[in-house]
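To start, the structure under review is shown below, and the notes come after it.
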Amino acid sequence: MSNISQDGSQWGELNNWYWKGIRCHWRVLGKTNKRPVLLLHGFGASSAHWRHNASAFVDAGFCVYGLDLIGFGDSEQPSKKIIPKLDNQLWAEQVAAFLEQVVHTKKYGKAVLIGNSLGSLTALTTLAYRPELVSALVAAPLPDPTLVEPIIYAKSEWLEKLRKNLIKVFFKLLPLEILVPFVSRTVILKIGLQAAYQRSIKSDKELFRLIAKPAKRKTAARALRAMCIGMATRPKETTAPVLLHRLASKREHSPILLLWGKQDKLVPLKIGQQLIKKHPWINLVVLDKTGHCPHDESPNLFNQNVLNWLGTIVENNQQEA
């Protein structure tokens with residue numbers, strides 16, 4: 001087995017990379033000349049959340065990277081002057097630049113993107129706009145409010161502008177500088193985190209620590225505000241339904257695997273089931289006794305299913321060749 005620290009959340013070699021002057025935290029485990037895998041965390045988490053997955057992929061012959069998206073983990077939480085809003089399009093641009101500048105996909109080959117929740121949407125956006133960088137996508141699960149109820153965009157330009165301005169005013173007036181520190185230091189964080197898991201996480205101190213750490217930073221509130229504004233006012237071209245349609249319309253595209261916790265309370269399984277009905281070319285695997293974070297709650301099953309699926313892709317490619 002690969003050597004990782006006793007604290008699983010500290011896996012890999014830790015590094016910083018600057019993109020557009022913004023400090024981005026990342027980590028790597030394994031030999032960099034191996035086929036690359038990039039792990040993308042969900043909302044409120046970081047690359048540390050892949051504590052039970054990285055070594056399994058290294059042992060299978062991959063080089064594993066973990067990236068903290070801007071505003072999360074140990075990456076910078078920039079001011080609105082630098083980044084006025086955060087959304088999946090910006091994060092996808094960050095991921096694409098990371099693949100080119102750090103992972104060096106031109107030299108070592110296209111990367112497998114594996115995302116949890118918000119990381120899945122970011123990975124999907126990257127695949128849709130920069131397919132030459134991505135060989136396969138694993139989304140566990142794939143969230144987007146538009147998959148349940150599409151954002152209503154005003155037909156009139158001034159009405160749409162008014163809608164976006166009202167959203168900005170609301171989140172600017174919302175006292176996040178008071179709410180975020182309060183939540184990060186009280187039982188509210190534990191209650192919210194438990195909602196993402198089927199099993200009890202009361203004794204998992206490492207999990208609470210890795211989630212609470214970025215939320216306790218002084219700049220956490222402004223990062224959350226930038227994300228709320230960005231995701232609520234993003235163009236429809238970056239919503240999941242449109243991104244999937246963009247991929248489906250292409251003659252060839254990288255394969256997608258959806259991994260869904262059967263007991264996911266945050267993004268119900270029925271969303272994944274509806275997705276494969278509309279897009280039968282997508283694969284869906286359901287993990288029982290698992291919630292919104294299948295990679296962390298059922299890591300052995302998660303790792304095994306992903307590796308088996310990746311092996312199938314390689315076999316199919318060899319047969320076609």
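Points to keep in mind about this one:
- Any chance L137 is crowded, with 17+ Cβ neighbours inside 10 Å, over 15 Å from the mean Cα position of the chain (by Cα) and either among the aliphatic types (A, V, I, L, M) or at positive phi (or both): no
- For first residues located in region 2-29 and within 11 Å of D74 (Cα to Cα) and exposed (fewer than 14 other Cβ atoms within 10 Å of the Cβ), partners that are modelled with pLDDT of 95 or more and of a type in the set (F, W, Y) and lie 6+ apart or on another chain with Cβ distances below 8 Å form the pairs N15/W26; N16/W26.
- Residues of region 43-81 classified as of a type in the set (V, I, T) and buried (at least 24 other Cβ atoms within 10 Å of the Cβ), total: 2
- Subset of region 201-211 (residues that are hydrophobic (A, V, I, L, M, F, W, C), over 18 Å from the mean Cα position of the chain (by Cα) and not in a loop (DSSP other than H, G, I, E, B)): F208
- Check on H25, in a helix (DSSP H, G or I) and either within 28 Å of P143 (Cα to Cα) or at pLDDT below 95 (or both): no
- Applying the criterion of being among the charged types (D, E, K, R) and part of a loop (DSSP other than H, G, I, E, B) to the residues of region 166-200, the residue that is nearest to A220 (Cα to Cα) is R185.
- Flag for F171 being touching a helix residue (DSSP H, G or I) at 6+ places or on another chain (Cβ under 6 Å), at pLDDT below 75, surrounded by 11 or more Cβ atoms within 10 Å (Cβ to Cβ) and among the aromatic types (F, W, Y): yes
- Of the criteria (1) surrounded by 15 or more Cβ atoms within 10 Å (Cβ to Cβ); (2) in contact (Cβ under 8 Å) with a residue 24 or more places away in the chain, which one Q194 fails: (2)
- Test: S254 is touching a helix residue (DSSP H, G or I) at 6+ places or on another chain (Cβ under 8 Å), touching a residue at least 60 places away in the same chain (Cβ under 8 Å) and small (G, A, S): yes
- Residue check, V58 in contact with a Pro (Cβ under 8 Å, 6 or more places away or on another chain), farther than 21 Å from F43 by Cα and not hydroxyl-bearing (S, T, Y): no
- The residue list L147, L166, L210 contains one member that is surrounded by 13 or more Cβ atoms within 10 Å (Cβ to Cβ) and closer than 18 Å to G230 by Cα, which is L147.
- Some residue of region 46-58 being over 17 Å from the mean Cα position of the chain (by Cα) and more than 16 Å from P299 (Cβ to Cβ): no
The values are calculated or read from the model by the stated rules, or taken from the named source; none is laboratory data. Please read these numbers as outputs of a predicted model, since none were measured by experiment. Every residue, glycine among them, receives a Cβ derived from its backbone with ideal geometry; neighbour counts consider all protein chains shown.
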